[in-house]
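Peer 1: This structure is in structure tokens; I'll ask about it shortly.
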Amino acid sequence: MCGIVGAIAERNVIPLLLEGLKRLEYRGYDSAGLAVLTWGDGLQRARALGKVAILEAQVQGMGLSGPLGIAHTRWATHGAPAERNAHPHISCDRLALVHNGIIENHAELRARLTALGYSFTSETDTEVAAHWIEHRLRETGDLLSAVQQAVMDFEGAYALGVITVAQPDRLVAARKGSPLVIGLGIGENFMASDVAALLPVTQRFIFLEDGDLAELRRESVVVYDAQGAIVERPVKLSSLTAAAAEKGPYRHFMQKEIFEQPRAVADTLEGRIAGARVLEGIFGAAADEVFQRIRQVQIIACGTSFHAGLTARYWFEDILGLPCQVEVASEFRYRNPVISEDALFVTLSQSGETADTLAALKNVKARRPTVATLTICNVPESSLARESDLVFMTHAGPEIGVASTKAFTTQLIALALLLVSIGKVQGRLTDNQEARIVQGLSRIPGKIADALAKEDRILALSEKLVHKQHALFLGRGAMYPIALEGALKLKEISYIHAEAYPAGELKHGPLALVDESMPVIAIAPQDDLLAKLTSNLEEVRARGGELFVFADETAGVEASEGIHVVPVTSNVGRISAPIIFTIPLQLLAYHVAVLRGTDVDKPRNLAKSVTVE
């Protein structure tokens with residue numbers, strides 16, 4: 001959600017802060033700001049509604065510079081998008097704070113601060129946090145102690161960066177529930193929500209754990225745990241580079257990431273398969289023992305990751321005969337679910353920081369400490385990875401576009417490898433079955449490349465959809481979750497209202513929506529349900545609906561008036577097919593959005609990493 005950057009150095013940190021904010025724009029935001037302790041004028045602040053570029057122009061006009069500063073991109077939670085609500089917030093002209101998260105008891109603290117004589121200029125919970133820390137600073141005279149005491153009074157989630165004119169040689173960071181990373185330099189140190197913000201200045205990072213506070217000075221970083229004890233957190237060397245977060249020759253990050261999928265899938269498979277088998281131990285040293293005793297799989301995820309889980313449910317039950325439940329994390333965490341001791345609890349997340357998914361995992365661990373947990377994510381140092389018994393890293397690389405693409409396909413690869421690994425341990429798969437699945441997986445990068453070669457035909461189709469206001473997606477079997485994912489992509493970046501249904505449900509309501517103004521996008525692989533799907537398509541055409549069909553080359557679906565057909569692939573199995581058919585739906589959504597002129601990489605109201613509820 002919100003993005004945080006902070007720096008303490010001998011040099012002017014303004015360019016570092018602005019570059020960091022630009023690299024966090026993918027997270028989604030409505031305003032931006034920074035505060036700096038200058039060399040001569042004390043604490044100075046600039047805030048702007050809109051893009052970081054607007055803030056940058058304002059800062060240049062003010063001539064700001066200084067060796068210590070914090071910066072922020074805000075996604076509105078408390079208080080409307082407005083400059084007065086933008087971060088950093090300043091208390092009593094001497095303390096500045098940036099914050100990601102939600103202080104849930106802000107109303108109570110606001111009332112107490114008002115009684116103490118503090119005045120408020122915003123509607124945010126963050127200004128409450130700033131005043132509360134300043135209040136503690138008056139009592140302690142020390143910024144670190146003030147933050148340590150203040151956070152004990154905060155309920156909710158937070159990642160904080162705090163500076164004060166009273167101690168201009170330090171920057172204090174704190175986290176609970178929201179991610180925060182420390183970057184280590186030579187004679188300078190940094191903090192940010194994400195390593196991507198700091199890659200131009202360092203590749204050495206400390207990932208703060210829940211409850212940690214860190215005091216950053218130019219020559220040192222000291223980390224304290226929730227009890228106030230000094231702790232050593234490991235320094236990790238990131239393999240990412242600053243260039244990995246550049247668009248290169250592509251118009252948008254989303255387009256770049258769509259075309260990176262052959263490599264992302266190949267990288268996720270690399271070192272996990274050899275010959276005709278899935279290698280042992282790829283889910284961790286204890287995985288085989290865990291897999292031996294489980295009798296069901298429970299998948300928890302949000303958004304696109306939820307659709308990956310829904311797809312895998314068909315695989316686990318159809319191929320292995322292993323019960324599989326899939327649920328949206330935000331629902332799971334607030335009901336009273338039955339958690340079986342013999343279940344494998346799987347969490348899916350690109351960032352590994354999704355708030356609802358992380359809360360669901362913690363809930364399960366608290367209620368059933370002996371339940372085996374596995375996370376599949378793209379960030380090795382993430383909170384989900386640290387909380388889980390078993391971890392599987394997808395190797396998608398940085399995903400900047402808000403609309404997930406390569407994270408989704410690599411999650412499906414990971415789930416397919418999980419299927420084989422469990423199937424082998426439990427004797428549910430023969431060697432021949434494993435060999436066929438592995439062969440199919442190894443062909444997927446090439447099949448994705450073939451599907452990407454259809455981009456020109458998909459661009460032509462997108463021109464027929466650009467002025468539509470609604471769209472209906474249809475799929476059967478494992479293609480139903482892919483239809484859901486296609487509808488999600490179209491709605492989130494083009495703002496066209498799109499819904500997906502199992503094709504067999506047409507007569508149970510959705511068929512009433514079909515007329516000449518309602519485009520219907522269908523997925524037609526060559527499988528046992530093709531004849532059923534073809535019948536459903538005839539029902540749509542008979543009602544005057546315009547069909548856009550992504551079909552297997554051997555499916556026999558012919559183009560005619562009102563029926564547009566794009567042959568996607570052929571000779572793919574039930575695991576490969578959902579992955580391959582995802583590609584044209586991503587391209588369709590992308591090109592429709594480009595033609596409609598929307599902000600493809602940063603669609604309105606959305607954030608890349610949903611780290612608060």
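The values are calculated or read from the model by the stated rules, or taken from the named source; none is laboratory data. Just so it is clear, the model here is predicted, and its values are computed rather than measured. Positions of Cβ are generated from backbone atoms using ideal geometry, with glycine treated the same way; all protein chains shown enter the neighbour counts. Keep in mind that these areas ignore ligands, DNA and RNA; they rest on the heavy atoms of the full protein, side chains included. Shrake-Rupley method; radii C 1.70, N 1.55, O 1.52, S 1.80 Å.
Peer 1: Please find, among GLY28, GLY50, GLY33, the residue that is over 24 Å from GLU155 (Cα atoms), touching a strand residue (DSSP E or B) at 6+ places or on another chain (Cβ under 9 Å) and at pLDDT 90 or above.
Peer 2: Answer to the selection: GLY33.
Peer 1: Still on this model: Which residue pairs have Cβ atoms under 8 Å apart, sit 6 or more places apart or on different chains, and have a first residue in the range 254-282 that is on the phi > 0 side of the Ramachandran plot and a second that is open to solvent by 40 Å² or more (accessible area, probe 1.4 Å)?
Peer 2: GLY271/LEU279; GLY281/ASP288
Peer 1: While we're looking at this one, here's another question. Name the one entry in PHE154, PHE207, PHE190 that is at pLDDT below 95 and either under 21 Å from GLU219 (Cα atoms) or touching a Cys at 6+ places or on another chain (Cβ under 9 Å) (or both).
Peer 2: PHE207 is the lone residue from the list that is at pLDDT below 95 and either under 21 Å from GLU219 (Cα atoms) or touching a Cys at 6+ places or on another chain (Cβ under 9 Å) (or both).
Peer 1: What are the residues in the range 476-528 that are open to solvent by 30 Å² or more (accessible area, probe 1.4 Å), within 15 Å of PHE550 (Cα to Cα) and not in a helix (DSSP H, G or I), if any?
Peer 2: ARG476, GLN526, ASP527
Peer 1: What number of residues within the range 42-67 satisfy the criterion of being of a type outside the set (Gly, Ala, Ser) and either assigned to a loop (DSSP other than H, G, I, E, B) or over 23 Å from VAL402 (Cα atoms) (or both)?
Peer 2: 11
Peer 1: Which pairs do you get when a residue that is among the aromatic types (Phe, Trp, Tyr), found in the range 316-342, comes within reach of a residue that is assigned to a loop (DSSP other than H, G, I, E, B), reach meaning Cβ atoms under 8 angstrom, with the pair 6+ apart or on two chains?
Peer 2: Pairs found: PHE316/LEU322; PHE316/PRO323.
Peer 1: Applying the selection to the range 168-209, what residues are under 14 Å from ILE70 (Cα atoms), small (Gly, Ala, Ser) and touching a residue at least 60 places away in the same chain (Cβ under 8 Å)?
Peer 2: If the condition is that a residue be under 14 Å from ILE70 (Cα atoms), small (Gly, Ala, Ser) and touching a residue at least 60 places away in the same chain (Cβ under 8 Å), then ALA173, ALA192, SER193, ALA197 are the ones that fit.
Peer 1: Related question: Mind telling me which of the residues THR347, THR375, THR357 ends up being crowded, with 18+ Cβ neighbours inside 10 Å, hydroxyl-bearing (Ser, Thr, Tyr), in contact with a Leu (Cβ under 7 Å, 6 or more places away or on another chain) and part of a helix (DSSP H, G or I)?
Peer 2: One residue alone meets the criteria, THR357.
Peer 1: For a quick check of your reading: which helices (runs of 4 or more DSSP H) sit entirely within the range 235-304 and have at least 3 residues that are modelled with pLDDT of 85 or more and open to solvent by 70 Å² or more (accessible area, probe 1.4 Å)?
Peer 2: Fully inside the range 235-304 and qualifying: 287-293.
Peer 1: Please work out which residue is nearest to the chain's Cα centre (by Cα), limiting yourself to the range 144-158 and to residues that are free of Cβ contacts under 8 Å to residues at least 40 places away in the same chain and open to solvent by 10 Å² or more (accessible area, probe 1.4 Å).
Peer 2: Only one residue tops the list, namely MET152.
Peer 1: For residues that are over 25 Å from the mean Cα position of the chain (by Cα) and charged (D, E, K, R), scanning just the range 310-360, find the one that is nearest to SER576 (Cα to Cα).
Peer 2: Result: ASP318.
Peer 1: Further question: List, please: which pairs have Cβ atoms under 9 Å, are six or more places apart or on different chains, and start with a residue in the range 31-43 that is over 16 Å from GLU10 (Cα atoms) and end with one that is of a type in the set (Ser, Thr, Tyr) and surrounded by 23 or more Cβ atoms within 10 Å (Cβ to Cβ)?
Peer 2: SER31/THR73; ALA32/THR73; GLY33/THR73; LEU43/THR164
Residues are listed down the side, and each one gets a yes or a no for (1) part of a helix (DSSP H, G or I); (2) open to solvent by 10 Å² or more (accessible area, probe 1.4 Å):
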site	(1), (2)
ALA366	yes, yes
PHE392	no, no
GLY397	no, yes
LEU415	yes, no
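Condition check ((1) part of a strand (DSSP E or B); (2) at pLDDT 90 or above; (3) hydrophobic (A, V, I, L, M, F, W, C)) across all residues:
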residue: GLY69; (1), (2), (3): yes, yes, no
residue: ASP93; (1), (2), (3): no, yes, no
residue: LEU97; (1), (2), (3): yes, yes, yes
residue: ALA107; (1), (2), (3): no, yes, yes
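Peer 1: For VAL290, state whether it is closer than 23 Å to PHE581 by Cα and of a type in the set (Val, Ile, Thr).
Peer 2: The answer is no for VAL290.
Peer 1: Here's a follow-up. Out of the residues in the range 117-143 meeting the condition of being of a type in the set (Val, Ile, Thr) and either in a loop (DSSP other than H, G, I, E, B) or touching a residue at least 60 places away in the same chain (Cβ under 8 Å) (or both), tell me which one is least open to solvent (accessible area, probe 1.4 Å). Step through it out loud before you land on a result.
Peer 2: To start, the set of residues in the range 117-143 that are of a type in the set (Val, Ile, Thr) comprises 121, 124, 126, 128, 133, 140.
From the residues that got through so far, the ones that are either in a loop (DSSP other than H, G, I, E, B) or touching a residue at least 60 places away in the same chain (Cβ under 8 Å) (or both) too are 121, 124.
Numbers: THR121: 95, THR124: 2 Å².
Ranking the candidates gives THR124 first.
Peer 1: If you check GLY161, GLY177, which single one turns out to be under 21 Å from GLU127 (Cα atoms) and either buried (at least 24 other Cβ atoms within 10 Å of the Cβ) or at pLDDT 95 or above (or both)?
Peer 2: Criteria check complete, one pass: GLY161.
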